[in-house]
Amino acid sequence: MALDRIPLSEPHLGGNARRYLDECVATNFVSSVGPFVERFEREFAAYVGSKHAVACSSGTAALHVALHVLGVEAGDEVWVQTLTFIASANPILYLGATPVLVDSERRTWNADPGLMAEEIRRRVAVGARLPRVIELVHVLGQPADLGELVPLCAEHGIALLEDAAEALGATVGTNARHVGTIGRVGCFSFNGNKIITSGGGGMIVTDDDALARRAKHLTTQARLPGLAYRHDEVGYNYRLTNTAAALGVAQLERLDEFLQAKQSIAARYDSAFASVENLTPPPRVLWSHATYWLYSVLFDSTQRRDAVLQSLLENGIDARPLWTPLHLMAPYRTAPRLGTGAVAETLAERGLSLPSSVGLPAEQQQRVIDVVLAGASR
């Protein structure tokens with residue numbers, strides 16, 4: 001008898017989802033105008049501790065608008081790590097700016113803050129041009145190290161943008177500050193594989209009143225108030241639909257439950273793999289609280305990683321290598337870099353993300369563990 005397929009990360013619906021969606025249908029509010037959009041924005045902002053939230057049609061759209069309102073133009077530099085999903089960097093090219101690809105650090109698997117701080121100080125010393133924006137990605141639910149960069153960016157007028165698409169619920173510091181609220185602007189994603197989903201969608205958060213107004217204006221085709229169709233600049237059709245927002249509200253109501261489930265899944269994997277010499281668990285950093293959106297491990301070699309991956313797939317278990325570094329892909333091969341990219345390449349060559357769905361049953365997780373342990377010991 002064939003075993004059920006175990007997905008990598010699938011949505012966990014329920015709660016008030018059907019009720020809220022039925023309300024959208026009953027009231028005919030199914031497009032980008034409707035009460036659930038504003039409710040989702042208001043409740044999301046309150047959850048993460050931000051003054052404003054602006055709902056968008058995707059996480060990529062959120063990043064595009066965020067970069068736009070932060071003043072990124074053709075010829076500007078935006079620094080972003082090379083080990084990330086390509087959507088982190090593509091909006092930089094949409095605006096004609098230059099992405100500078102930053103190598104990773106082994107401690108968090110995120111962009112190396114030392115490389116960036118050193119380059120900022122070097123440029124300041126010689127009077128060279130500084131980046132318009134530093135985009136820090138919180139990869140796989142692990143917060144990036146912003147400690148040194150926050151004051152440095154403030155001192156030199158560099159905008160700090162957080163790509164928290166994979167890290168909703170992750171926090172830093174003893175006061176448990178949510179990622180996405182530390183920089184000037186933060187962006188989130190609600191794709192179907194994220195911790196909460198609206199079927200597709202994203203969110204911009206900021207404490208800056210003017211940036212929030214401009215972001216909302218741009219996401220609604222830059223249309224001016226009134227009955228006439230008048231627009232004062234080129235905008236985008238990036239607003240979230242009321243039906244998607246309704247699902248987002250229902251999911252947000254269960255976020256604490258989902259985050260606890262992710263912690264439980266991570267703890268069980270941790271325990272199972274603790275004594276495996278050729279397998280390294282995901283980062284553990286004292287100043288941060290990760291969400292383990294995708295629980296990911298490192299093997300001692302690419303060969304072992306690939307063998308375990310193949311075994312998982314043959315047993316009906318979805319797993320994925322980590323992101324291919326951007327500097328190895330065609331659109332970004334000629335992009336300037338900070339660092340050699342060697343750390344990012346090592347992580348990509350040896351890293352593997354394991355099934356991490358919020359609703360992952362214990363018996364399915366044990367199947368994953370058994371296959372990984374068998375493959376890692378060969």
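Conditions tested, residue by residue: (1) assigned to a helix (DSSP H, G or I); (2) not assigned by TED's automatic domain parsing to the domain that holds Ala154.
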site	(1), (2)
Ser9	no, yes
Glu23	yes, no
His68	yes, no
Ala74	no, no
Val80	no, no
Pro91	yes, no
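Does the stretch 291-301 contain at least one residue that is touching a residue at least 12 places away in the same chain (Cβ under 8 Å), surrounded by 21 or more Cβ atoms within 10 Å (Cβ to Cβ) and part of a helix (DSSP H, G or I)? No. In this structure, is Ala261 closer than 21 Å to Phe85 by Cβ and within 23 Å of the chain's Cα centre (by Cα)? So Ala261 does not fit the description; no. One residue alone among Asp163, Asp112 is farther than 24 Å from Asp208 by Cβ, among the charged types (D, E, K, R) and at pLDDT 95 or above, and that residue is Asp112. Taking the conditions (1) out of contact with any strand residue (DSSP E or B) (no Cβ under 8 Å at 6 or more places or on another chain); (2) in the same structural domain as Ala167 (by TED's automatic domain parsing); (3) surrounded by fewer than 23 Cβ atoms within 10 Å (Cβ to Cβ); (4) in contact (Cβ under 8 Å) with a residue 12 or more places away in the chain in turn, Val100 satisfies each one other than (1). Mind listing just one residue for me: the one in the stretch 162-192 that is under 18 Å from Val69 (Cα atoms) and hydrophobic (A, V, I, L, M, F, W, C) and, of those, nearest to the chain's Cα centre (by Cα)? Result: Ala164. Inspection of the stretch 22-39 identifies no residue that is closer than 25 Å to Leu146 by Cα, out of contact with any Phe, Trp or Tyr (no Cβ under 9 Å at 6 or more places or on another chain) and surrounded by fewer than 24 Cβ atoms within 10 Å (Cβ to Cβ). Within the stretch 234-262, being assigned to a loop (DSSP other than H, G, I, E, B) and either closer than 17 Å to Ala45 by Cα or free of Cβ contacts under 8 Å to residues at least 12 places away in the same chain (or both) holds for Arg239, Leu240, Glu253, Arg254. Kindly check whether there is at least one residue in the stretch 263-271 that is assigned by TED's automatic domain parsing to the domain that holds Gly202, crowded, with 22+ Cβ neighbours inside 10 Å, touching a helix residue (DSSP H, G or I) at 6+ places or on another chain (Cβ under 9 Å) and touching a residue at least 24 places away in the same chain (Cβ under 8 Å). There is no residue in the stretch 263-271 that is assigned by TED's automatic domain parsing to the domain that holds Gly202, crowded, with 22+ Cβ neighbours inside 10 Å, touching a helix residue (DSSP H, G or I) at 6+ places or on another chain (Cβ under 9 Å) and touching a residue at least 24 places away in the same chain (Cβ under 8 Å). Among the residues making up the stretch 93-121, those that are of a type in the set (Val, Ile, Thr) and either part of a loop (DSSP other than H, G, I, E, B) or in contact with a Leu (Cβ under 8 Å, 6 or more places away or on another chain) (or both) are Val100, Val102, Thr108, Ile120.
Let's see how each residue does on (1) assigned by TED's automatic domain parsing to the domain that holds Ile265; (2) more than 19 Å from Thr84 (Cβ to Cβ); (3) charged (D, E, K, R):
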| position | (1), (2), (3) |
| --- | --- |
| Glu119 | no, no, yes |
| Val126 | no, yes, no |
| Arg129 | no, yes, yes |
| Glu135 | no, no, yes |
| His138 | no, no, no |
| Gly141 | no, no, no |
| Leu152 | no, yes, no |
| Glu155 | no, yes, yes |
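Taking the criterion of being surrounded by 15 or more Cβ atoms within 10 Å (Cβ to Cβ) and either at pLDDT below 95 or aliphatic (A, V, I, L, M) (or both), the residues of the stretch 40-56 that qualify are Ala45, Val48, Ala53, Val54, Ala55. Residues that are at pLDDT below 95, closer than 19 Å to Val37 by Cβ and out of contact with any Cys (no Cβ under 8 Å at 6 or more places or on another chain) are absent from the stretch 132-146.
Yes/no per residue for (1) surrounded by 22 or more Cβ atoms within 10 Å (Cβ to Cβ); (2) modelled with pLDDT under 95; (3) touching a Gly at 6+ places or on another chain (Cβ under 7 Å); (4) of a type in the set (Lys, Arg):
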{"site": "Ala128", "(1), (2), (3), (4)": "no, no, no, no"}
{"site": "Gly157", "(1), (2), (3), (4)": "no, no, no, no"}
{"site": "Thr181", "(1), (2), (3), (4)": "no, no, yes, no"}
{"site": "Phe190", "(1), (2), (3), (4)": "yes, no, yes, no"}
{"site": "Gly201", "(1), (2), (3), (4)": "yes, no, yes, no"}
{"site": "Val205", "(1), (2), (3), (4)": "yes, no, yes, no"}
{"site": "Arg213", "(1), (2), (3), (4)": "no, no, no, yes"}
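The values are calculated or read from the model by the stated rules, or taken from the named source; none is laboratory data. Keep in mind the model is a prediction, meaning the values are calculated, not measured. All Cβ positions, even for glycine, are placed from backbone atoms using ideal geometry, and neighbour counts span all protein chains on display.
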